[in-house]
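Inspection log for the structure reproduced underneath, given as structure tokens.
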Amino acid sequence: MEIISLLLSIVFIFLAGLHFYWAVFGIKEPEAVLPTKVGSSKVKSPGKLMAVLVGIILLFFAFVFINKVLIYLDKPWLSYVPMVIGIIFILRAFGDFKYIGFFKTAKNSKFSALDTRYYSPLCLLLGTLIFILEFLE
């Protein structure tokens, strides 16, 4: 189970680093990583502050799973956080039924193709690994 926790932490640290990179240097190809509204070719970027905020949240997720191995912090509320994180990623995989997730209806952009092929399966895998980790402990 420690291997799953460390693997999850590594993935979250990588994703956090990617968001920090985007905050500092910008997104080189925004149509590949941001949904495009139906009937529009313009991609709306959430901005540097949101990229940093998402990066911080992802680092917190990494800390939660590193904490399962090294036990820096032993608080009762911390035992519920991984389940919440797992639910977040499962919900992200299913999506909003319009722009993101497996059941999206807007399939007109480069993002939607990449979301179906990479982003949503990654979220489903992360959520599943978190549930496996939590139910086997």
| Applying the selection to region 112-122, what residues are farther than 24 Å from residue 13 by Cα and either loosely packed, with under 14 Cβ neighbours inside 10 Å or free of Cβ contacts under 8 Å to residues at least 24 places away in the same chain (or both)? | 113
| task | Within region 1-54, count every residue that is in a loop (DSSP other than H, G, I, E, B) and either among the hydroxyl-bearing types (Ser, Thr, Tyr) or in contact with a Lys or Arg (Cβ under 6 Å, 6 or more places away or on another chain) (or both). | result | 4
| Residues of region 70-120 classified as under 18 Å from residue 33 (Cβ atoms) and either of a type outside the set (Val, Ile, Thr) or not in a helix (DSSP H, G or I) (or both), total | 25
| Do we find a residue being of a type outside the set (Val, Ile, Thr), in contact with a helix residue (DSSP H, G or I) (Cβ under 6 Å, 6 or more places away or on another chain) and either under 16 Å from residue 5 (Cα atoms) or crowded, with 18+ Cβ neighbours inside 10 Å (or both) anywhere in region 43-57? | yes
| field | Residue in region 17-29 that is of a type in the set (Gly, Ala, Ser) and at pLDDT below 90 present | value | no
| message | Six or more apart or on different chains, Cβ atoms under 8 Å: show the pairs whose first residue is in region 51-76 and under 14 Å from residue 13 (Cβ atoms) and whose second is at pLDDT below 90. | response | 63/72; 64/78; 66/72; 67/73; 67/78
| message | I'm trying to understand the selection: among the residues of region 69-111, which are more than 28 Å from residue 28 (Cβ to Cβ), surrounded by 14 or more Cβ atoms within 10 Å (Cβ to Cβ) and at pLDDT below 90? | response | 78
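The values are calculated or read from the model by the stated rules, or taken from the named source; none is laboratory data. Since the model is a prediction, treat every value here as computed from it, not as a measurement. Glycine also receives a Cβ, built like all others from the backbone with ideal geometry; neighbour counts cover every protein chain displayed.
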